[in-house]
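Following: one structure in structure tokens, then a few remarks.
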Amino acid sequence: MKMNGGDMTELVYLKNDEAVCSSLQVAEKFGKRHDRVLRAIDNLLETLPKNGEVSKMFILSKRKAADGQFHRMYFMNRDGFSLLVMGFTGKKALEWKLKYIKVFNQMEKFILERQTQAWIDSRKAGKLTRKAETDTIKKLVEYAQAQGSQHADKLYMTYSKLANKMAGVSKRDEATVAQLNNLSLMEHIILCVIDSGIVAGKHYKEIYQDCKKRLETVKDLAYLEQSA
């Protein structure tokens with residue numbers, strides 16, 4: 001999820017409608033060896049009472065390392081994170097604690113927003129705009145093939161990435177109402193520019209550049225809510 005300079009993407013994840021972070025990221029950000037972070041979590045689990053609340057704090061998972069082997073890691077919610085980093089000291093540790101608290105707050109605010117009717121309506125409207133854009137790109141694919149393109153089928157992904165990047169969205173289901181509205185605006189602009197480009201007989205690569213310029217102009221004119 002991309003919010004507020006990408007902090008969410010780097011620090012906190014959305015898993016089963018709960019904000020969590022990983023032991024890997026905690027180790028990296030706090031300057032700790034991952035095996036020592038794992039040991040600290042293991043020690044906490046040995047001393048904490050065995051109940052439902054504690055079982056939600058630390059969720060055992062696996063990661064595939066560079067050597068191709070799978071290694072242990074944990075996902076933890078806000079409570080698990082708070083317990084783990086409580087003993088981390090130093091100026092840098094304090095800075096990262098504050099950053100994580102801020103991002104957990106942002107993610108939990110988003111989780112609540114996603115339950116509102118405004119979010120549901122924006123998501124539905126976005127699906128309609130996306131469908132219209134996809135239909136237009138289908139025409140562009142045929143148009144590009146007629147111009148000699150050997151990889152025209154990749155245009156769907158190319159334009160999706162462009163719209164998502166400009167709107168600051170990584171996944172639609174993990175976007176705020178403002179981001180969903182921004183994304184719909186971007187996709188509407190794309191389909192209009194593609195349609196006019198095809199009518200004008202432009203090269204398909206030129207049409208992409210026209211889309212990119214138009215979207216950047218919209219951003220620069222501050223029509224979009226950009227996160228700080």
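The values are calculated or read from the model by the stated rules, or taken from the named source; none is laboratory data. Fair warning: this is a prediction, and the values are worked out from it, not measured in the lab. All Cβ positions, glycine included, derive from the backbone under ideal geometry; neighbour counts span all protein chains shown.
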Conditions first: (1) under 28 Å from SER160 (Cβ atoms); (2) in contact with a helix residue (DSSP H, G or I) (Cβ under 7 Å, 6 or more places away or on another chain); (3) not polar (S, T, N, Q). LYS131 passes all but one, so which condition is the exception? (2)
Any idea which of (1) surrounded by 16 or more Cβ atoms within 10 Å (Cβ to Cβ); (2) under 23 Å from SER170 (Cα atoms) is the one PHE30 doesn't satisfy? (2)
Of residues in region 72-95 being surrounded by 10 or more Cβ atoms within 10 Å (Cβ to Cβ) and of a type in the set (Gly, Ala, Ser), the one farthest from LYS109 (Cα to Cα): GLY90
Quick check: is even one residue across region 60-71 exposed (fewer than 14 other Cβ atoms within 10 Å of the Cβ), more than 14 Å from TYR13 (Cα to Cα), touching a helix residue (DSSP H, G or I) at 6+ places or on another chain (Cβ under 8 Å) and outside the structural domain of VAL177 (by TED's automatic domain parsing)? yes
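Residues checked against (1) within 17 Å of CYS192 (Cα to Cα); (2) without any contact (Cβ under 8 Å) to a residue 40 or more places away in the chain; (3) not assigned by TED's automatic domain parsing to the domain that holds LYS205:
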| site | (1), (2), (3) |
| --- | --- |
| LYS102 | no, no, yes |
| ARG130 | yes, no, no |
| LYS139 | yes, no, no |
| GLN145 | no, yes, no |
| MET166 | yes, no, no |
| LYS171 | no, no, no |
| ALA175 | no, no, no |
Determine if region 8-22 includes at least one residue that is assigned to a helix (DSSP H, G or I), of a type in the set (Gly, Ala, Ser) and more than 20 Å from LYS109 (Cβ to Cβ). no
Test result for LEU98, free of Cβ contacts under 8 Å to residues at least 60 places away in the same chain, more than 20 Å from GLY31 (Cβ to Cβ) and either surrounded by 14 or more Cβ atoms within 10 Å (Cβ to Cβ) or under 23 Å from the mean Cα position of the chain (by Cα) (or both): no
